[in-house]
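Reviewing the structure listed below.
Each reported figure results from applying straightforward, stated rules to the coordinates on display, with no laboratory input. Keep in mind the model is a prediction, meaning the values are calculated, not measured. Positions of Cβ are backbone-derived with ideal geometry, glycine not excepted, and every protein chain shown enters the neighbour counts.
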Amino acid sequence: MGFFQRLANIFRSKANKVLDRVEDPRDTLDLSYEKQLENLQKVRRSVAEVATARKRIEMQAAQLQQQAAKLQDQARQALGQNREDLAREALSRRASIAAELTELQTQHEQIAAQEEKLTDTVQRIQAQVEQFRTRKETMKASYTAAEAQSRIGEATAGIGRSMSDAGAALQRAQDKIDSMQARASAIDELLASGALTDLTTNTDDIQAQLDKVAATSQVDNELAQMKAELQMAPAAPLGAGEPADASATGSSHEAVAQAEPATPPADGDQEGTH
């Protein structure tokens, strides 16, 4: 096989594939039905033409029969007038007309037979066309139903893909949310432990720890003071203006001294001590 022949086959194959994709079977069936109707019309026209020819032969035969009857009457009249020669001529013409009538009768029979065949052909083709039309409509309905089912399947598959994509997007969003929440919690823990410095405040890590220790000491002092006040509360019911005995008083002062923590000396006192 030559190069150009192979190239032509390739183009023909590609063209057939394109036509297969573009072609709609319903349009093809309708076109075939229209062609069959055209053929049926052609056969019907042929039948009409044959019937017209048959009718024309019948009319010619009727005219010749009238002429033959007229010539026969004229031959009798001629014989009545003793004109045998004219009677003979009339009968001779009548014989010629009879021969023409015989030929017309033969043609009439042939044309009638042809007309009958064409009529049968028309009936057969018409039945085939009706069967094709019924089958065509059935096939078109089946193709339309299959096409609709295919589109529904494609739409369903598209919805499935969309839902899958939406689910994946939701999962990615949830993962990002979890990651950001974990990051924020970790940063809060690092800030609370002092591993990271909060840039929004003016205090550094050491100062924050000192402030925390001072706050804890203040709470302890307040708690000790409240305990001391609770321990001193039972001495109040004694006589008015009468002091308690020395041992009780001494014990109270000792309890207060033990409860109150030692106040650290001022900076000036520390320097004097040194």
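Determine the sum of side-chain charges near Lys136: Lys and Arg each +1, Asp and Glu each -1, restricted to other residues whose C-beta is under 10 angstrom from that of Lys136. Every neighbour counted, the sum reads +2. Look at where the Cα atoms of the stretch 26-73 and of the stretch 108-158 average out, and the two centres are 27 Å apart.
Charge tally around Gln72: other residues with Cβ under 14 Å, Lys/Arg +1 each, Asp/Glu -1 each, net +3.
Expressed as a fraction of 2.2 N^0.38 Å, the C-alpha radius of gyration for the stretch 13-164 is 2.22. With the simple spin-label model, which puts each label point 7 Å out from Cα in the Cβ direction, the Lys42 to Gln77 separation comes to 5.4 nm. Farthest toward the positive end of the dipole of the stretch 13-164, out of Gln65, Ala53, Gln36, is the Cα of Gln36, where the dipole comes from beta carbon charges about the Cα centre. In the stretch 27-67, which residues have a backbone nitrogen under 19 Å from the label point lying 7 Å from Thr138's Cα in the Cα-to-Cβ direction? Residues passing the 19 Å test: 27-34. Estimate the FRET efficiency between Ala145 and Lys35 by the formula 1/(1 + (r/R0)^6), using the beta-carbon distance for r and 30 Å for R0, to the nearest 0.05. That gives a FRET efficiency of 0.70. Placing a pseudo-label 7 Å from each Cα along the Cα-to-Cβ vector at Ala98 and Ala182 gives an inter-label distance of 12.6 nm.
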